[in-house]
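Quick note: the coordinates plus some simple rules give every number you see, no bench work behind them. Keep in mind the model is a prediction, meaning the values are calculated, not measured. Cβ: placed from backbone, ideal geometry, glycine included. Neighbour counts: every protein chain shown.
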């Protein structure tokens, strides 16, 4: 009961936020939500499926670049750009998944990382197309396709909030479905699932592609948010940051990654104001979470809840 | 050759302890940076190189003993996160101490000239690298296949508990293997110092290349690391020469082929 | 129902084995450690690919089918080392097992009524085999004996036509062993049971026919009494006694 109340409070807070926050703070909150979608997408295959992927930024970045390139060339219909980004992300996930999922464990980790790095390398090197290291600035928000303009920070926030809520609802349904349960079973013991009659590869692949698609959604939103896209969106550091968001918040829980996203965005913002050593802090966070809080923030909260009478 | 050294270290650590050490790239870079500082302080290249390797071995051993031990065995994710954390920390600290501008180690005087081998001219330092790489490879192979030490390592790979029961000190062995792996990476770093130089981000690049080599050659296999190293190294160089903008693609291609045909790598053990 | 015939060659663990098991039969596979029994099971369930030879299930050649396809044809298996879902509760685990045999296990959306029917079956199974009171316990927190029982239950939940049990009583106390033996004896008669056992008493209690393997080959094959009287078998078991 307590958690339901807490959820309602949070939902209200997110909806009413634009009234109380400065536009800078609101922007930060929006960023948290966008990256929460990214983290939740990874959580599907990582937390629920047990597939360690260190290249999730690939689908995020690929969608972001697609939207960025289209929007800069004047294609400003929302459905066109968003749809294109989504399709490209899904196709990339389908391709990479077919290659990577032939392996497990550490191999999977390496391969996903390597595949994402290849995309990074292309983005970095192909200056004429992708702008190379400098990226592509000046990506406008869509002017056509939607009944309201997204140019305004508040409207954009609500738009993102709706997407965020839809993502949660979608994932909630997936996890509770037979498919979702099977995925969890595969995480716990793939061998057992195989002899029980489950086509484990098909489950993993489907989850991988869906996760990639969701990451693409998040990438689409991010490029609109920032108005900018660069190879950093495809980098290892970014993939790993997503990973730490999931782990910090609590892998395998529905809302954990959202918490993780909020925490990391918040910390980055605060710490970057004082020092350039954000990566160092991030590294320490990684080490700390692994050693002291493997179940993440959600895990810590649950433990506290169980101890309280 | 360099790739071989790195990949061998990575493969070794994974093969024995099932630990995928993402910080391997930072061993490479840190070794080179420390060597640089020591060289600047003492003026002696050899001492600098040794210092670099030694320091990194120290780091590696510390990482293993203090941190990696505490993690649940056989779970890739915590290991990946932990070692990645170190990668970030070392990378950032390196940036802090040595700055962002690319630097390089000085070439040793006697190897600065070029050498004529028949119709071809080679920079002698590169030859030196190849020779060292081959020697190290031979030493490792010898150690692994022929000596008692090698047998112990292989026993421990197969079943750590039984090996322990037989009186093999698995703990010491693990730490040593980790140390050797770190040393290999650092060696790669200090050797590469004069020719490739050090710069922020080298740790990532090198890590990625090592990964590709290991994917192609197979994790846990020395032979695979060697063949993979040579193969990927050549392809990488060709790629950079022919298509400088899409160099990454030439690495991607063999990797994708291997994945499609033999997901465990050319000589993959598991 | 003529079930399987297979010859393998080359794979050192299983060397040119030919075996035919009739439907509804209780067959025990005996043999010292390393005889190739578990490997045989792995080949039958599809976790390993034979170097040579074929496997047939109810007359259909399944040699090239992947494990999950064979499971769907009615093959169930327990493992020598418990292969459970550590963090899932007993009920959740059995539910997955029940769902696996059901048609729409891949579906994303599902009408509640169908799902409830699966859940009901899981609950019934638990009640029938006396594990109902442990249903909300994560399997990794169960005692070893209980885990072994869940392992059996998972294989049974899918309503298999053929059950492969790999040393179901390994590591159990006498009381627990008796419980498991009782459980196996209560299996429906139309299910074919193939049992690997180390414990001679258990084996001979449950078996109708016995196959003895040694170093990858079939040494003896016949009814309980025939095998018991076979001199070679006694030699193997007395000569290299490695009871756990």
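Assorted remarks:
- Modelled label positions at residue A:126 and residue A:168, each set 7 Å beyond Cα in the direction of Cβ, lie 3.7 nm from each other.
- Kirkwood hydrodynamic radius (C-alpha pairs) into Stokes-Einstein, segment A:26-236, 37 °C and 0.692 mPa s, D in µm²/s: 188
- Segment A:1-48 and segment A:54-90: distance between their alpha carbon centers, rounded to Å: 23
- Coarse-grained scattering of segment C:133-211 at q = 0.13, 0.17, 0.24, 0.25 Å⁻¹, given as base-10 log I(q)/I(0) from a Debye sum over alpha-carbon atoms: -0.40, -0.68, -1.27, -1.35
- Sequence-separation-based contact order of segment A:26-236, relative, with Cα cut under 8 Å and 6+ spacing, percent: 45
- Computed on segment A:173-309, with alpha-carbon pairs under 8 angstrom and 6+ residues apart, the relative contact order is 17 percent.
- Part-to-part distance (alpha-carbon centres) for segment A:245-309 and segment A:110-171, which is given in Å: 24
- Mean Cβ neighbour count within 10 Å, used as a protection proxy, ranking A:114-125, A:275-286 highest first: A:114-125, A:275-286
- Cβ crowding within 10 Å averaged over residues, with A:52-61, A:147-156, C:72-81, C:37-46 ranked highest first: A:52-61, C:37-46, C:72-81, A:147-156
- For residues of A:118-131, the mean tally of beta carbons on other chains within 10 Å: 3
- Peptide A:95-108 has a mean of 5 when you count, residue by residue, the C-beta atoms of other protein chains within 10 Å of its C-beta.
- For residues of C:157-168, the mean tally of beta carbons on other chains within 10 Å: 1
- Taking packing as the residue-averaged number of other Cβ atoms within 10 angstrom, the listed peptides A:207-219, C:167-179, A:189-201 run from highest to lowest as A:207-219, A:189-201, C:167-179.
- Cβ-Cβ FRET estimate between residue A:292 and residue A:16, R0 fixed at 35 Å, reported to 0.05: 0.50
- Overall form of segment A:1-120 per C-alpha gyration tensor (a/c, 1.5; a/b vs b/c): oblate
- For segment A:57-149, the relative contact order works out to 38 percent when only alpha carbon pairs closer than 8 Å and six or more residues apart are counted.
- Here the spin labels are modelled as points 7 Å beyond Cα on the Cα-Cβ line, and at residue A:303 and residue B:132 they lie 4.6 nm apart.
- Label-to-label distance, nm, for residues given as residue A:276 and residue C:225 (7 Å Cα→Cβ offset): 9.1
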